[in-house]
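For reference, the structure is listed below as structure tokens.
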Amino acid sequence: MKDKTRANVYKAFIGEAKAYFRLLAYAEKADEEEVPQVALLFRAIAEAERVHATRQLGLVKDLLVKDTDTNLENSFQREKSVSENTYPEFLKDAEDEGEQAAALAFSHARDAESYHAKLYERAIMNLIKDVVKAYHVCQVCGYVTDKKIPKKCPVCGAPPEQFKTIED
């Protein structure tokens, strides 16, 4: 695929992925406002956008997805950069502007991303091969653990019932 088309396909993938989540949020709002037919429409179109994003991802997958070792290293570096650079900047801006809800969300994401980086680092060092049977994801802040579900999330303090188990 030529450069310009590849760049456009990637941009389309990003746009469709964003549309998917935006439309699900719209559907949730329509449900809250008791407009079920519009909520259903938003969910249906969201699913269509997911189809588009998946199809476009398939066209640029070779650009984004490499061998597992490279994917682990890239994921580790991204998580580390986001937790050490991006979110601290976002957090500072939110605090400077008095946006406490955004500051809390950025703080939680920063801390959760640092845990993600540690999990990737352990995988890179082959410390989790064939040992982990499940991960537990806090549905409030995104913290992930391969240990038992904690009594409270170490990032946001959420109770155990806020964790979703992801297993093979």
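The values are calculated or read from the model by the stated rules, or taken from the named source; none is laboratory data. Worth saying up front: this structure is predicted, and the values here are computed from it rather than measured. Cβ atoms come from the backbone with ideal geometry, glycine included; neighbour counts cover every protein chain shown.
Considering (1) under 16 Å from the mean Cα position of the chain (by Cα); (2) assigned by TED's automatic domain parsing to the domain that holds residue 126, the lone condition that residue 24 does not fulfil carries the number (2). For segment 46-70, the set of residues classified as polar (S, T, N, Q) and either closer than 25 Å to residue 23 by Cα or surrounded by 14 or more Cβ atoms within 10 Å (Cβ to Cβ) (or both) consists of 54, 56, listed by residue number. Taken over segment 106-127, residues that are surrounded by fewer than 18 Cβ atoms within 10 Å (Cβ to Cβ) and in contact with a Leu (Cβ under 9 Å, 6 or more places away or on another chain) amount to 2. Just give me the residues in segment 58-80 being of a type in the set (Asp, Glu) and over 19 Å from the mean Cα position of the chain (by Cα), in sequence order. Matches in segment 58-80: 62, 67, 69. Looking at segment 1-81, none of the helices (runs of 4 or more DSSP H) lying wholly inside it contains 2 or more residues that are modelled with pLDDT of 95 or more, aromatic (Phe, Trp, Tyr) and in contact with a Phe, Trp or Tyr (Cβ under 9 Å, 6 or more places away or on another chain). Collect the residues in segment 88-138 that are in a helix (DSSP H, G or I) and within 14 Å of the chain's Cα centre (by Cα), keeping them in residue-number order. Scanning segment 88-138 gives 105, 106, 108, 109, 110, 111, 112, 113, 114, 115, 116, 117. Taking first residues from segment 148-160 that are under 15 Å from residue 135 (Cα atoms) and partners that are loosely packed, with under 13 Cβ neighbours inside 10 Å and β-branched (Val, Ile, Thr), the Cβ contacts under 8 Å between residues at least 6 apart in sequence or on separate chains come to 149/165.
Sub-8 Å Cβ pairs linking a first residue in segment 62-86 that is farther than 29 Å from residue 105 by Cα to a second residue that is surrounded by 11 or more Cβ atoms within 10 Å (Cβ to Cβ) and not basic (Lys, Arg), at least 6 apart or interchain, are 63/10; 66/74; 69/124, ordered by first then second residue.
Within segment 1-21, if we keep just the residues that are surrounded by 14 or more Cβ atoms within 10 Å (Cβ to Cβ) and of a type in the set (D, E, K, R), the residue that is farthest from residue 55 (Cα to Cα) turns out to be 6.
Test residue 85 against the stated conditions and say whether it is of a type outside the set (D, E, K, R) and either surrounded by 14 or more Cβ atoms within 10 Å (Cβ to Cβ) or at pLDDT below 95 (or both). So residue 85 fails the test.
Within segment 29-61, the set of residues being under 20 Å from residue 8 (Cα atoms), among the hydrophobic types (A, V, I, L, M, F, W, C) and in contact (Cβ under 8 Å) with a residue 24 or more places away in the chain comprises 53, 57, 59, 60.
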